[in-house]
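Asker: Quick one: structure below, then a few questions.
Any read-out appearing in this document is the output of simple, stated calculations on the displayed coordinates, not a laboratory observation. Just so we're clear, the structure is a prediction, and the values are computed from it rather than from any experiment. Cβ placement follows ideal geometry from the backbone for every residue including glycine, while neighbour counts extend to all protein chains displayed.
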Amino acid sequence: MSHSPITTLDKNGDEITTVGFDRFGFDSRVPLDVLRSLYLRPHYVIHANEINDVKELDSEAAELQHAKFLQHHAAYQSKSIYHPDTQSISYTTLSRFPPVKLLPPGIRKRILVTGGAGFVGSHLVDRLMLLGHEVTVLDNFFTGSKTTVSHWVGHPNFELVRHDVVEPFMIECDQIYHLACPASPPHYQFNAVKTIKTSFMGTLNMLGLAKRTKARFLISSTSEVYGDPEVHPQTEEYWGHVNPIGPRACYDEGKRVAETLTYGFQRQDGVDVRVARIFNTYGPRMNPYDGRVVSNFIVQALKGEDMTVYGDGRQTRSFQYVHDLIDGLIALMNSNETRPVNIGNSDEFTIGEFAELVREIVEKVQDQDGDVRTRRVQIVYQPMPTDDPQKRRPDTTRAKESLGWQPRWTVRMGLEEMVRYYKAKMAEGSL
Ligand SMILES: NC(=O)c1ccc[n+]([C@@H]2O[C@H](COP(=O)([O-])OP(=O)(O)OC[C@H]3O[C@@H](n4cnc5c(N)ncnc54)[C@H](O)[C@@H]3O)[C@@H](O)[C@H]2O)c1
């Protein structure tokens, strides 16, 4: 298997080589290939069948094999070696960490990320670590996993704490990104009461901590606060249209009360707060089995199964790539904008178009890797489930005006990375 370096183009056709930007006195730029090495590489890397001599596993050649996705960077991940014959996987311990920026103490921040082992959280942690900050992850691993941040465990700037935010937690810190909360419907509906507790008590505890330590506090709210909206696209001024007793209420109302608490602490106690209303996001490390359309399509196509479209495929969706979201969260945290800010991508695709695109990209990646397809995956249409959510589309004027933020990733480029990620997971045997 040989892999050529991936070229990633933005919406204007310019190559993306870094993510982040230097704004509001906070330089958040990180080379894309270093970042990518943290989620794309390890599994593509060593496959027991590809290695003749076991000793080779420790050799320089294996290191290079391990790093084949990167053009110049050595391997910064523990190795996972899959043995298909015995259906087992062996992990090695980490030999070294990617280089992180060396920041003077006055600039280096102590940053707490709750939910940092989840999909969005782990990408945020990668960025903040590479930027040279001290990062503490607080997570109860309900939907997150230690494996998403295991490449940082042991690093002197990193701490991983298993803790439920429903219980108080004390730590000295300068910034808090409060992300802890299950985000997909099957997960947040699994225990609705716990979801509300997490939203309310978890946010209360973290705001109490921000008050005590004078840390700046950012909460990851959601487009779900707009409910089933009566206006399109949604601006931050819109108050929403939420059913308080429906099956989604534990999440929607949970986030709404979390926002209320946040502004309560701002008004009463002067806590320095930021509120990000996040719209649908996709990317590597997303749980492949939580019923979201992007991951469903990719996994079906990679497994050679037919792709299921519910309805006639003409309903539209918009998705943002996770790197755009992280750019937006970091910009918001470091800006002076204290009002809620929508962070999302407003480019709409029909689900039918989307399925076609996923199929095309999966085929492209398979061809590049020299995989043989026995047949072309078909796109099949099935009746729409009755509770299919209504469409939402962000108005991101505020993010553009006050943060200078707008999405850079095209859906094609984001999907291609995600396909490679899931493909690697399959090669590893974990999908
Ligand atoms: N992914 C999206 O499209 C999206 C959209 C809107 C908002 N958001 C918000 O972004 C945040 C992160 O979402 P995600 O997609 O990464 O979800 P995720 O489920 O992957 O991550 C959530 C993390 O929080 C942890 N967690 C849950 N309950 C906890 C508790 N009580 N104590 C400690 N940790 C707890 C989980 O273990 C997990 O690691 C959430 O607050 C979510 O509401 C996400």
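Asker: Which whole number of Å³ per residue matches the convex hull of the alpha-carbon atoms in region 196-326?
Answerer: On the way: hull volume 18.9 nm³, N = 131.
In region 196-326, the Cα convex hull volume per residue is 145 Å³.
Asker: Assuming a ≥ b ≥ c are the square roots of the Cα gyration tensor eigenvalues, decide whether region 325-418 counts as rounded (a/c under 1.5), prolate (otherwise, with a/b larger than b/c) or oblate. Numbers along the way, then the final one.
Answerer: Values: a/c = 3.80, a/b = 1.73, b/c = 2.20.
In terms of gyration-tensor shape, oblate.
Asker: Pick from Val372, Val30, Val125: which is most flexible by mean-square fluctuation in a GNM of the chain where alpha carbon atoms under 10 Å apart are linked?
Answerer: Among Val372, Val30, Val125, the largest mean-square fluctuation in the Gaussian network model of the chain belongs to Val372.
Asker: Under a 10 Å cutoff between Cα atoms, tell me which one of Glu401, Glu134, Glu353 has the largest fluctuation in the Gaussian network model of the chain.
Answerer: The residue that fluctuates most here is Glu401.
Asker: Classify region 248-407 from the C-alpha gyration tensor, please: rounded if a/c falls under 1.5, else prolate or oblate depending on whether a/b exceeds b/c.
Answerer: Values: a/c = 2.71, a/b = 1.97, b/c = 1.37.
Judged from the Cα gyration tensor, region 248-407 comes out prolate (a/c at least 1.5, a/b above b/c).
Asker: Put +1 on the Cβ of every Lys and Arg and -1 on every Asp and Glu Cβ in region 325-400; which of Pro383, Leu357, Leu329 then has its Cα farthest towards the positive end of the dipole?
Answerer: Final value for the positive-end residue is Leu329.
Asker: Moving on. Only bridges with both residues in the chain count here: give the DSSP antiparallel percent, nearest 5. Could the numbers behind the result be given before it?
Answerer: Details: 12 of 49 bridges.
Bridges in the chain that DSSP calls antiparallel: roughly 25 percent.
Asker: Something else about it: For Lys211, go through the lysines and keep the ones whose alpha-carbon is under 30 Å away, minus same-chain ones fewer than eight residues off.
Answerer: Once the sequence-local lysines are set aside, what remains near Lys211 is Lys101, Lys109, Lys146, Lys194, Lys197, Lys255, Lys400.
Asker: Where nothing but the Cβ of Lys and Arg (+1) and of Asp and Glu (-1) is charged, how large is the charge dipole of region 136-186 around its Cα centre, in debye to the nearest 20? Walk me through the intermediate numbers first.
Answerer: Working: 2 positive and 6 negative charges, 48 e Å.
Approximately 240 debye in magnitude.
Asker: For Ile343, what residues show an amide H to amide H distance below 5 Å, using hydrogens built from the backbone and excluding near sequence neighbours?
Answerer: So Ile343 has HN proximity to Arg277, Ile278, Phe279.
Asker: Using Cα-Cα distances under 8 Å and only pairs 6 or more residues apart, what relative contact order does region 246-328 have, in percent?
Answerer: Values: 37 pairs, mean separation 23.1, N = 83.
Relative contact order of region 246-328: 28 percent.
Asker: Can you bin region 387-431 into rounded, prolate or oblate? Criterion: square roots of the alpha carbon gyration tensor eigenvalues sorted a ≥ b ≥ c, rounded for a/c under 1.5, prolate for a/b above b/c, oblate for the rest. Spell out each step's value before the answer.
Answerer: Values: a/c = 3.71, a/b = 1.78, b/c = 2.08.
Oblate, because a/c is 1.5 or more while a/b does not exceed b/c.
Asker: Just tell me, in residue order, which DSSP H segments of the chain are both 20 angstrom or longer along the helix axis (alpha-carbon based) and at least -1.0 in mean Kyte-Doolittle hydropathy. All intermediate terms of the calculation are to be shown ahead of the outcome.
Answerer: On the way: long enough: 249-269 (28 Å, -1.04); 351-368 (26 Å, -0.18); 411-428 (25 Å, -0.49).
In the chain, the long hydrophobic H runs are 351-368, 411-428.
Asker: Could you please report the charge total around Leu128, scoring K, R as +1 and D, E as -1 over all other residues with beta-carbon less than 10 angstrom from its beta-carbon?
Answerer: Details: positive: Lys109, Arg127; negative: Asp126, Glu134.
Neighbourhood net charge equals 0.
Asker: For the chain, give the magnitude of the charge dipole about the Cα centre (Cβ charges: +1 Lys/Arg, -1 Asp/Glu; no others), in debye to the nearest 20.
Answerer: Details: 49 positive and 54 negative charges, 164 e Å.
Once rounded to the nearest 20, the dipole reads 800 debye.
Asker: Taking 20 °C and 1.002 mPa s as the conditions, I'd like the Stokes-Einstein D for the chain in µm²/s, using the Kirkwood hydrodynamic radius from alpha carbon pairs. Walk me through the intermediate numbers first.
Answerer: Values: Rh = 22.4 Å.
Estimated via Stokes-Einstein, D reaches 96 µm²/s.
Asker: Per the helix-only calculation at 222 nm, which mean residue ellipticity applies to the chain, given -39500 (n - 2.57) for every DSSP H run of n ≥ 4 and division by its residues, nearest 500 deg cm²/dmol?
Answerer: Values: 12 runs with 132 residues, N = 431.
Result for the chain, helices only: -9500 deg cm²/dmol.
Asker: Expressed in nm to one decimal, what extension gain is obtained for the pair Asp14 and Glu305 from 0.36 nm per residue of sequence separation less their Cα-Cα distance?
Answerer: Values: separation 291, 0.36 × 291 = 104.76 nm, distance 3.45 nm.
Length difference between fully extended and current span is 101.3 nm.
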